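Worksheet for the structure shown next.
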Amino acid sequence: MIVAERAPAKLNLYLHVIGRRPDGYHLLDSLVAFADIGDEIRAAPAAALGLALAGPFAEGLPRKPEDNLVWHAALLLARHLGRSPGAALTLVKNLPVASGIGGGSSDAAAALRALLALWGGALDRGTLAALAARLGADVPVCLDARAAWLGGIGDAVEPAPPLPATHVVLANPGIALPTPAVYQSRRGDFSAPARFAMPADAAHLAALLAERRNDLTAAAIALVPEIGVVLARLAAAEGACIARMSGSGATCFALFATAATAAAAAARLRREEPRWWVAAGRLT
């Protein structure tokens, strides 16, 4: 028996930094969505816990299993279930590492889902979310991998209405950008929360997002100027409704109304920028 779970890319359609706690953590208001582009977790029965790495970005991951969040997810779940953590895990890493699209958190959430199915465990949603939160602020929202409003430090999750049919192109210049460095470099005033009623189509969604922003963009570009180039190229793509950086970068995205325009834009970017990582898909 092999259980496979997708670990989709998480995108911040907008991200406002609305304050800062005394302990230094920033308070956020964000609409997150997930794309049908991502990593994969596979879990099979085994006497002991093991983690194999595969995929085009496996080399960018820590070589020690205990340094991977997937490993910690397995140990945490086994401990909670009161059982041995025996499982042969494989992480197929299709997303760039440290790229602002929640890869590690989504991997950990997928590992929890896969191991629950493999081990036959039964946990209510609240208990599973509490376990996920112990792994990181972004892990709970990745459990369901559905559009959601984020508050707090990213740990206050509220389901959002279904998104309109929207297609997306992701592009990354091939430069890892650690999240702490971006937050430390951020300057300026705090923003206000900016939630909205969900529109009926991609064009109206883009218009609402254009009234909002990602407050980490300037800091990320100061650290990795290539992000500005990626944003400009995506914004100029034929059919692009809006272009934006996701999370703390360096991955950026553009939204499109149709699959054909998204696929054409991605194909052109791959031809013209062969060193970039580019993927086309849809928001789920």
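The residue list 243, 165, 171 contains one member that is in contact with a Cys (Cβ under 6 Å, 6 or more places away or on another chain) and closer than 22 Å to residue 9 by Cα, which is 171.
For the range 113-120, indicate whether the set of residues that are more than 19 Å from the chain's Cα centre (by Cα) and modelled with pLDDT under 95 is non-empty. Yes, there is a match, as at least one residue in the range 113-120 is more than 19 Å from the chain's Cα centre (by Cα) and modelled with pLDDT under 95. Test residue 191 against the criterion of being touching a helix residue (DSSP H, G or I) at 6+ places or on another chain (Cβ under 7 Å), on the phi < 0 side of the Ramachandran plot and in contact (Cβ under 8 Å) with a residue 24 or more places away in the chain, and give yes or no. No. The residue list 87, 74, 109 contains one member that is touching a Phe, Trp or Tyr at 6+ places or on another chain (Cβ under 9 Å) and surrounded by 21 or more Cβ atoms within 10 Å (Cβ to Cβ), which is 87.
The values are calculated or read from the model by the stated rules, or taken from the named source; none is laboratory data. Everything numeric in this text was worked out from a predicted model, so none of it was measured. Reconstructed Cβ throughout: ideal geometry from the backbone, glycine too, with neighbour counts over all protein chains shown.
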